[in-house]
Amino acid sequence: MVQHIVFPTVGRGEGIATHFGAHFLASDDAAACVQDALIHFDAQRYRLLAWCIMPNHVHVVAEQIEGWPLAETVHSWKSYTATQINRMLSRTGPFWMREYFDRFIRDDDHLAKTLTYVERNPVARGYVKNAEQWRWSSAAWRLA
Ligand code: NI
């Protein structure tokens, strides 16, 4: 079972309609904290297929490993990184939007499109020309 998960920062109210929140993850230290957390239990609790950390939201494509429900994994990513990054940024209060968004991957074609979509987020927003140039995604990681 593979899912595409998106979790946004707080800042503009709850719900997808209000879109995403504050650009806390524009800080390299904050983005690195999230990336380290995603990688930490890779191959133990889930298999990471792709990720991309944007300034105000995170995309993850992951396959669940039996016994480790992805909903719990997302909760632990959010809770750990919120504490760490709040400390880094000297702020308090909610960091991530309470809800997150997830979509099941139907088949290989859907998976291939989703991987490309996730890694091209920074290109689509005009931050970089090529996906590999974004430090905070699986595209850069593959070249490392
Ligand atoms: Ni996005």
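Throughout, read-outs are computed from the coordinates displayed, never taken from laboratory work. What you see is a predicted model, and the numbers here were worked out from it, not measured in a lab. Don't worry about glycine lacking a Cβ; one is built from the backbone with ideal geometry, like all the others, and counts go over all protein chains shown.
Which whole-number percentage describes the relative contact order of the chain, with Cα contacts under 8 Å and a sequence gap of 6 or more? If you can, show how the numbers build up before the last one.
On the way: 228 pairs, mean separation 44.6, N = 144.
RCO, the chain: 31 percent.
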Worksheet entry | Listed peptides 118-129, 66-77, 50-61 by packing density, highest first (mean Cβ within 10 Å) | 50-61, 118-129, 66-77
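Using the Kirkwood radius built from alpha carbon pairs, what does the Stokes-Einstein equation give as D for segment 21-92 at 4 °C and 1.567 mPa s, in µm² per second? Write out the running numbers ahead of the final one.
Details: Rh = 12.6 Å.
Estimated diffusion coefficient is 103 µm²/s.
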Practice prompt. Determine the calculated [θ] at 222 nm for the chain from helices alone, applying -39500 (n - 2.57) to every DSSP H run no shorter than 4 residues and normalising by the residue count; nearest 500 deg cm²/dmol.
Written response: -11500 deg cm²/dmol
Worksheet item: Most exposed first by the Cβ proxy, i.e. fewest other Cβ within 10 Å, how do Tyr100, Tyr46 rank?
Response: Tyr100, Tyr46
Worksheet item: In whole angstrom, how long is each semi-axis of the equivalent ellipsoid of the chain, when you take the square root of 5 times every eigenvalue of its Cα gyration tensor and sort them from largest down?
Response: 22, 18, 15
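Kindly identify segment 84-144 as rounded, prolate or oblate by the Cα gyration tensor criterion: order the square roots of the eigenvalues as a ≥ b ≥ c, call it rounded if a/c is under 1.5, otherwise compare a/b with b/c, prolate if a/b is larger, else oblate.
oblate
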Fill in: HN-Hα J in Hz across segment 2-8 - Karplus 6.51, -1.76, 1.60, θ = phi - 60°, x for Gly and Pro
10, 10, 9, 10, 10, 10, x
